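> Take this structure, written in structure tokens, and hold onto it; I'll ask about it next.
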């Protein structure tokens with residue numbers, strides 16, 4: 001196998017990696033907001049449920065969560081999900097796991113907002129929704145970009161865990177080729193792919209940070 | 001100078017935090033065009049009184065009336081104990097339009113430019129046209145000496161300028177009453193001067209104002225009436241002349257110390 005064909009195989013796997021990455025962000029970021037609200041709810045039982053959820057998601061390995069989401073329906077309820085369930089299972093597992101982390105980031109951001117911002121908005125007559133979306137959220141967003149960047153970079157690397165249930169993402173493929181060719185080169189190349197991807201992620205996030213640097 | 005319309009009436013207001021009384025049976029009446037200053041030592045309850053008046057804090061008992069409209073009153077609950085009842089939300093929303101509040105630490109919206117800080121509430125709360133909001137804002141910016149700061153962001157301004165912007169933001173909604181909660185306590189003497197100048201100017205225009213302050217000389221010169229509070233009660237109330245010529249040793253001591 002020549003270098004070109006190896007790289008093109010890796011690139012095919014890389015597309016799957018990107019898919020997992022994008023879909024996970026797409027679902028976990030809004031879901032995290034919901035969890036954050038539940039975590040800050042005035043109703044004790046909702047707060048407790050959110051707390052337990054976050055605790056379990058953060059306290060157990062993502063790899064285990066992937067296995068549970070994939071095999072759970074069959075072992076627990078005898079429901080066979082079929083081969084097509086593999087990819088959705090990975091997305092579900094990633095989304096619910098990352099939602100827990102994002103929820104805590106959002107909560108930290110929201111709770112760091114000075115009470116004066118809420119009071120000023122209230123005195124000026126803004127409604128609850130207006131206050132949140134116009135006054136609080138934009139400022140929270142600026143505050144949470146650095147921890148979100150961290151989480152996003154971790155996600156890029158975590159996508160490799162999809163190999164657990166044999167999703168043909170880049171890491172899985174690199175390992176296969178490497179084993180067949182008894183060569184380090186495929187894994188090394190995959191490493192370069194991950195690194196460059198993360199450079200890009202960091203660049204985009206830095207751009208966003210700079211764009212929001214117009215106020216303090 | 002004061003008209004006959006009573007703009008704000010607080011009767012027998014009581015407020016405590018975790019069992020300790022902060023306000024004990026305070027009553028206050030402010031007429032149209034009147035400037036009332038509330039002075040007194042820290043912890044005397046003056047800020048709490050202001051927060052109760054502006055409904056940032058719920059009263060435990062008493063009455064709150066704006067322009068003849070009851071915002072809160074006392075009722076007896078099933079057990080016969082007096083409780084404070086607030087008007088329904090839509091009513092409160094309408095009542096809240098009659099006043100504005102200037103905070104000690106400004107609380108401007110940092111992500112909005114000076115202009116947006118001033119026009120946003122008129123546009124999105126009061127729902128006036130952008131043009132109308134801009135007209136009001138430009139007038140206020142000019143009046144408060146901020147005409148070249150419209151596009152600046154709050155962090156780029158001095159404390160005095162920020163406080164003037166927050167006064168403009170409050171005035172843009174055209175309130176009938178303006179509350180000030182220690183408006184100069186976060187400012188150095190130089191910046192204090194420029195904010196007091198603005199409040200003086202508003203007093204000349206007969207804006208109805210209630211000012212919690214530690215600036216004794218300023219309170220003396222700008223107020224129609226001064227209220228001295230201590231430990232949750234009004235110790236003395238009267239014209240600046242009366243209060244500054246008081247025989248009450250506690251008031252004398254307090255004023256004397258801050259005056260020297």
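What follows is calculated from the coordinates using simple rules that are stated; it is not laboratory data. Not measured: the values here are computed from a predicted model. Glycine also receives a Cβ, built like all others from the backbone with ideal geometry; neighbour counts cover every protein chain displayed.
> Tell me the mean residue ellipticity at 222 nm calculated for chain A from its helices only (DSSP H runs of n ≥ 4, each -39500 (n - 2.57), averaged over every residue, nearest 500). Display every interim value, and only then the final one.
Details: 8 runs with 166 residues, N = 216.
Value at 222 nm, helices only: -26500 deg cm²/dmol.
> Need the C-alpha centroid separation for segment B:202-260 versus segment B:173-196, integer Å.
16
> Quick one: which of B:96-106, A:92-102, A:50-60, B:193-203 comes out on top by average Cβ neighbours within 10 Å, and what's the full order, highest first?
Ranking, from highest mean packing down: A:92-102, B:96-106, B:193-203, A:50-60.
> Over chain A, what is the relative contact order in percent, taking alpha-carbon pairs closer than 8 angstrom and at least six residues apart?
29
> In nm, to one decimal, how far is the modelled label at residue B:185 from the one at residue A:48, with both set 7 Å along Cα→Cβ?
4.0
> Sticking with this one: Could you state, as a whole-number percent, how many of the C-alpha pairs of segment A:3-214 are farther apart than 20 Å?
Roughly 65 percent, once rounded to a whole number.
> A further question on this structure: Suppose R0 equals 51 Å; then what is the FRET efficiency for residue A:185 and residue A:71 from their Cβ-Cβ distance, rounded to the nearest 0.05?
Details: r = 33 Å, r/R0 = 0.66.
The pair residue A:185/residue A:71 has a calculated efficiency of 0.95.
> When a/c is below 1.5 the answer is rounded, else prolate if a/b is larger than b/c, else oblate, so apply that to segment B:74-183 with a ≥ b ≥ c taken from the square roots of the Cα gyration tensor eigenvalues.
prolate
> List the pair-distance distribution P(r) of the protein assembly as shown, using every Cα-Cα distance, as the percent of pairs falling in each 20 Å bin from 0 up to the bin containing the longest distance, rounded to whole percents.
Result returned by the calculation: 19, 39, 25, 14, 3, 0.
> If you line up the long axis of helix A:170-181 against the longest principal axis of chain A, both from Cα atoms, how many degrees apart are they, to the nearest 10?
The two axes meet at around 20 degrees.
> Normalised by the number of residues in chain B, what is the relative contact order in percent for Cα pairs under 8 Å and 6+ residues apart?
24
> So, in Å, what gap is there between the alpha-carbon centers of segment B:38-88 and segment A:131-175?
Segment B:38-88 and segment A:131-175 have Cα centres separated by 48 Å.
> Give the calculated FRET efficiency between residue B:78 and residue A:111 to the nearest 0.05, with a Förster radius of 25 Å applied to their Cβ-Cβ distance.
So the FRET efficiency works out to roughly 0.10.
> When B:15, B:78 are ordered from fewest to most other Cβ atoms inside 10 Å of their Cβ, what list results?
Details: B:15 22, B:78 6.
Ordered by Cβ neighbours within 10 Å, fewest first: B:78, B:15.
> Let me ask another. Between residue A:166 and residue A:214, 0.36 nm times their residue separation minus their Cα-Cα distance comes to what?
Roughly 12.7 nm would be gained on extension.
> In whole Å, what is the distance between the alpha-carbon centres of segment B:121-153 and segment A:35-113?
46
> Could you please rank B:84, B:52, placing first whichever residue has the fewest other Cβ atoms within 10 Å of its Cβ? Before the final figure, lay out the partial values.
Values: B:84 19, B:52 25.
If I rank by nearby Cβ atoms, fewest first, I get B:84, B:52.
> Helix-only estimate, please: 222 nm mean residue ellipticity of chain B, summing -39500 (n - 2.57) across DSSP H runs of length 4 or more and dividing by its residues, to the nearest 500.
For chain B, the value works out to -10500 deg cm²/dmol.
> Starting with the fewest neighbours, write out A:126, A:75 ranked by other beta-carbon atoms found within 10 Å of each beta-carbon.
Arranged by neighbour count, lowest to highest, A:126, A:75 become A:75, A:126.
> Let me ask something else about it. Other chains near A:122-131: what is the mean number of their Cβ atoms within 10 Å of each residue's Cβ?
6
> Here's something else I'd like to know. Let me check I have the definition right: for chain B, take the eigenvalues of the Cα gyration tensor, multiply each by 5, take square roots. What are those semi-axes in whole Å, largest first?
30, 24, 16
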